[in-house]
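Notes follow the structure.
The values are calculated or read from the model by the stated rules, or taken from the named source; none is laboratory data. Predicted model only: the values in this text are computed from it and were never measured. With ideal geometry, Cβ positions are generated from the backbone for all residues, glycine too; neighbour counts draw on all protein chains shown. When the accessible area is computed, the model is the full protein with side chains, heavy atoms only, and any ligands, DNA or RNA have been set aside. Shrake-Rupley method; radii C 1.70, N 1.55, O 1.52, S 1.80 Å.
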Amino acid sequence: MMGSVDPNWLPFASMLTFELFKDSATPAPQPAQRNALPKPSTLTQPVGEDHYVRVLLNDEVLTLPTCQAHGKHHSRMGPSLCTLDAFLEHVAPIIATEEEYAKDCGTMPATFDYEE
């Protein structure tokens, strides 16, 4: 799951949690490829280098392989708290681009009409 070492299926009703943190006291390293990373289309506002992501599976912290390297995690909290750029680098292979989404899923209607 998410590149961890356990290749087994998850137990029934497992919960995967993504936590987003902002640390204004500790500046994150400036990655060279910041603009080259794919970003989800739902991420509409710019996000600074002070954002970190932690992933939990059934309330246990997962340490992603991409976040192990120096400069890809919080300097004081360790590899379990990935920089946002390192997290996006990790999930980039599985995030569909808008073109892929449109091709595979079509487009969502601009408004929804619900009948009561």
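Observations on the structure shown:
- Among the residues making up the range 76-104, those that are of a type in the set (G, A, S), under 19 Å from F21 (Cβ atoms) and surrounded by 14 or more Cβ atoms within 10 Å (Cβ to Cβ) are S80, A86.
- For the range 1-32, the set of residues classified as open to solvent by less than 90 Å² (accessible area, probe 1.4 Å), at pLDDT below 90 and outside any loop (DSSP other than H, G, I, E, B) is empty.
- Qualifying residues in the range 57-75 (those that are assigned to a strand (DSSP E or B) and farther than 17 Å from F21 by Cβ) - the one least open to solvent (accessible area, probe 1.4 Å): L57
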